[in-house]
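No lab work stands behind these numbers, since they all come straight from the coordinates. Note that the structure is predicted; figures quoted are calculated from it, not measured. Ideal geometry is used to build each Cβ from the backbone, glycine not excepted, and the neighbour counts take in all protein chains shown.
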Amino acid sequence: MKKGKLIVLSGPGGVGKSTIVVELKKLDHFYFSVSATTRKPRPGEIDGVAYHFVSDLQFQEMIENKTFLEWADFAGARYGTPKAPVDKALAEGKNVLLEIEISGARQVKEAMPEAIMVFLQPPSMQELEARITNRGTDSAERIAARLALARAEMAAAGEFDHLLTNHRVEEVIEALVSLAAS
Ligand code: 5GP
């Protein structure tokens, strides 16, 4: 069977990657990897669906057991993509979409050079800063950390194969679907 394609959707935190994923999940184009994270669930997030919510110790064990295709520290928590489900889906011919931050994206490119690397950028820096600041559930400290990180992350855009601007969710979705079909 023809292997599926691996699409890595990255970009600064707060740019709207997760909204894109929420909408894409309503369609039947991609297999979505469920990441492990050490951060606490936000209201409405279900364990095993949004993320596998794990302790620091469990995450450390997963690293040692070589569970992850990639993992990263991000804004005070750890996030990682379990490798086996991704390999299985690709082998079954499914197109897989990973929504991850930049340093994880770099690791995927290294491990799987055939991955299609997509950077989602905001329409403007002001818009990105407003989105991060207005996120209701994060503490002031976490917001400040996310702002600083997002500014640094924007500098990585040039490392990616494809640059998409998040003007409209529908446009981004269309572009991702056609990349997988190309
Ligand atoms: P949030 O805490 O808002 O759900 O996610 C924070 C950041 O972690 C986002 O930029 C998201 O793309 C990234 N992220 C989610 N899962 C993973 C993962 O498995 N690996 C990496 N490297 N980043 C992830």
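Using a simple spin-label model with pseudo-atoms 7 Å out from Cα toward Cβ, residue 152 and residue 167 lie 3.2 nm apart.
If the chain linking residue 39 and residue 67 were pulled fully straight, counting 0.36 nm for each residue of separation and taking away their Cα-Cα distance, it would gain 8.3 nm. Once the gyration tensor of the Cα atoms in the chain is diagonalised, the equivalent ellipsoid follows with semi-axes of 24, 21, 15 Å, ordered largest first. Result for the chain in a Gaussian network model with C-alpha springs under 10 Å: among 14, 136, 80, the largest mean-square fluctuation is at 136. Using a simple spin-label model with pseudo-atoms 7 Å out from Cα toward Cβ, residue 159 and residue 88 lie 3.0 nm apart. In the chain, the DSSP-assigned H stretches of four residues or longer account for a calculated mean residue ellipticity at 222 nm of -12000 deg cm²/dmol, using -39500 (n - 2.57) per stretch and the full residue count as denominator. For the range 109-182, the set of GluC sites (Glu not before Pro) satisfying both a DSSP loop assignment and a count of at most 11 other C-beta atoms within 10 Å is given as 114. Taking label positions 7 Å along the Cα-Cβ direction at both residue 110 and residue 28, the computed distance is 3.8 nm, reported to one decimal. Taking each residue as 0.36 nm, the span from residue 178 to residue 50 lengthens on full extension beyond its C-alpha to C-alpha distance by 43.6 nm.
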